[in-house]
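Notes to accompany the following structure.
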Amino acid sequence: MRKTVKGMLITALAVTLLAGCGSNEGSNSESEGTSGGEAKSVKLKLFIAQPRLKEHYDKFINDFVAKQKADKNIEVSVQLEMPTADNAAQILKTRLASNDAPDIFALHAINEIPTYYKAGYLEDLTDQPFVGKLLDSVKPAVTTTDGKVVAVPLETLSWGYLYNKKIFGDLGLTPPATLTEMKAVVEKLKDNKITPFELAYKEAWVPQLILPLAAGAMINTENPDFIERMNKDEGSFTEIKSAMFDVFDLINSNGTERATEVGADDGAAAFAAGKAAMWLQGPWYAETILKSNPDIEFGVAPLPINDNEKATMINLSASTSLAVSKTSKNKEVALDFINYVLDDQASNDFFQALKFNPIATVHTYDSYPWVNDATDYVKEGKSYQDPAIPQAVKDEVGKGLQSYYAGQISQDDVITALDKAWKSFNKVNK
């Protein structure tokens with residue numbers, strides 16, 4: 001009964017989210033002006049699901065607060081909320097549905113911006129100064145189908161899996177181009193008493209990474225209209241079942257133990273310590289890995305999902321992006337912060353500290369080694385744009401694969417749940 005009630009509540013919140021942004025009278029922000037040259041006080045609420053990077057955000061925010069005081073005599077106090085990735089989407093939906101929107105909140109550019117824009121929650125940022133600084137390759141990710149820019153991107157990603165270059169080099173290994181070659185790499189590692197894969201599935205968003213990799217590879221080789229047909233209730237995940245599970249099973253049967261007890265941060269520390277040669281993870285964890293072991297050399301390679309070399313490609317995507325709430329009462333300061341993200345002076349150091357890729361003309365720092373690894377594949381034509389899979393489906397696959405790994409459900413159970421989740425998404429978004 002408890003699970004049923006919880007499910008009904010989540011469904012209701014999702015529907016409410018998509019119904020519209022509600023009254024403007026329920027803004028969560030506060031500001032009050034004073035006369036006679038006294039500073040205006042503004043409380044700005046930020047919602048960003050990247051707790052592992054909090055120290056960098058704190059420094060950047062403090063610099064912004066000082067700039068607001070110096071330039072505009074505005075005293076800004078910032079409330080920074082940083083939930084985990086597994087909880088962030090539902091928390092944000094609840095806030096928006098109850099007219100308690102943060103002034104600025106993070107969204108996934110590909111998966112979430114279309115839905116939140118359609119619901120009326122996003123401020124139009126098209127005329128903001130930062131837009132002119134975006135690289136041409138990045139701007140489309142935060143641009144709506146009707147041509148409006150509604151967020152400032154933070155992360156652009158070139159990813160597949162991470163591998164320890166020293167371990168590979170010592171054994172004379174190179175990243176495999178097919179699933180059969182990956183099996184050979186796995187056996188070579190095991191023969192040398194090295195665990196092939198780090199497993200860290202405590203957070204559901206980690207195992208779900210297999211979905212965009214499998215779907216992207218299949219869409220760009222054998223199943224080009226998969227997304228289009230799924231959006232029309234005409235497709236099924238049975239079409240890419242083997243692409244998902246063949247490599248996922250290989251990883252799980254040759255990985256570290258107790259995966260559902262290990263969080264991503266602990267997984268990063270274990271990978272940094274050389275406890276495993278590979279990790280199904282993206283370079284967005286570079287900062288955490290290097291914090292544990294500054295000397296580690298790791299690379300990025302495309303994950304083989306079958307024996308078609310053409311399907312072994314790098315995923316190109318834009319993910320974390322910051323949007324401004326349409327109902328914010330502190331819009332002036334919120335817009336100042338959004339533009340400060342790509343400030344001509346401050347942005348360079350901020351993005352470099354986060355270990356994020358350059359995304360704007362103001363970024364002049366050198367690309368990181370793992371970025372260059374992925375770029376080599378891109379130059380060879382071995383890449384694809386991240387498939388537009390609804391976030392609700394990604395959430396479902398994460399939970400499903402946790403249960404599958406634990407032996408609680410079957411592959412068919414996962415597939416059935418994914419098809420159902422996409423159909424539910426379609427109903428709400430008609």
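The values are calculated or read from the model by the stated rules, or taken from the named source; none is laboratory data. In this text, all values refer to a predicted model and were calculated from it rather than measured experimentally. Here the Cβ is made from the backbone with ideal geometry for all residues, glycine too, and neighbour counts use every protein chain on show. To get the accessible areas, we keep the full protein, side chains included, count just its heavy atoms, and leave off ligands, DNA and RNA. Shrake-Rupley method; radii C 1.70, N 1.55, O 1.52, S 1.80 Å.
Just a few scattered comments:
- Residue check, residue 264 farther than 21 Å from residue 89 by Cβ and either surrounded by fewer than 22 Cβ atoms within 10 Å (Cβ to Cβ) or touching a residue at least 60 places away in the same chain (Cβ under 8 Å) (or both): no
- Subset tally (residues that are open to solvent by 50 Å² or more (accessible area, probe 1.4 Å), in contact (Cβ under 8 Å) with a residue 24 or more places away in the chain and assigned to a helix (DSSP H, G or I)) for region 226-255: 4
- Flag for residue 139 being touching a residue at least 12 places away in the same chain (Cβ under 8 Å) and open to solvent by 30 Å² or more (accessible area, probe 1.4 Å): no
- Selection of region 258-280 for residues being outside any helix (DSSP H, G or I) and among the small types (Gly, Ala, Ser) yields 263, 273, 274, 276, 277.
- Residue in region 150-180 that is surrounded by the fewest Cβ atoms within 10 Å (Cβ to Cβ), counting only those that are modelled with pLDDT under 95 and among the polar types (S, T, N, Q): 156
- Only one of the listed residues (133, 183, 188) is among the basic types (Lys, Arg) and under 26 Å from the mean Cα position of the chain (by Cα). That residue is 133.
- Tally, over region 195-207, of residues that are at pLDDT below 95 and part of a helix (DSSP H, G or I): 0
- Pair list, Cβ under 6 Å, 6 or more apart: region 179-195 residue within 21 Å of residue 244 (Cβ to Cβ) and of a type outside the set (Phe, Trp, Tyr), other residue outside any helix (DSSP H, G or I) and open to solvent by 50 Å² or more (accessible area, probe 1.4 Å): 179/307; 180/307
- Residue in region 69-91 that is closer than 25 Å to residue 353 by Cβ, surrounded by 21 or more Cβ atoms within 10 Å (Cβ to Cβ) and not hydrophobic (A, V, I, L, M, F, W, C) present: no
- A search for C-beta distances below 6 Å between a residue of region 284-297 that is within 13 Å of residue 355 (Cα to Cα) and any residue that is hydrophobic (A, V, I, L, M, F, W, C), counting only pairs 6+ apart in sequence or on different chains, returns 285/268; 288/268; 289/268; 289/272.
- Filtering region 52-94 to residues that are out of contact with any Pro (no Cβ under 9 Å at 6 or more places or on another chain), assigned to a strand (DSSP E or B) and of a type outside the set (Ser, Thr, Tyr) leaves 74, 75, 76, 78, 80.
- Any hit, region 316-328, residues being among the charged types (D, E, K, R), more than 17 Å from residue 56 (Cα to Cα) and touching a strand residue (DSSP E or B) at 6+ places or on another chain (Cβ under 8 Å): yes
- Count - residues of region 181-209 that are hydroxyl-bearing (Ser, Thr, Tyr) and open to solvent by 20 Å² or more (accessible area, probe 1.4 Å): 1
- Residue 49 being outside any helix (DSSP H, G or I), at pLDDT 50 or above and buried (at least 16 other Cβ atoms within 10 Å of the Cβ): yes
- Tally of residues being polar (S, T, N, Q) and surrounded by fewer than 18 Cβ atoms within 10 Å (Cβ to Cβ) across region 109-127: 1
- Residue in region 401-430 that is most open to solvent (accessible area, probe 1.4 Å), counting only those that are among the small types (Gly, Ala, Ser) and assigned to a helix (DSSP H, G or I): 424
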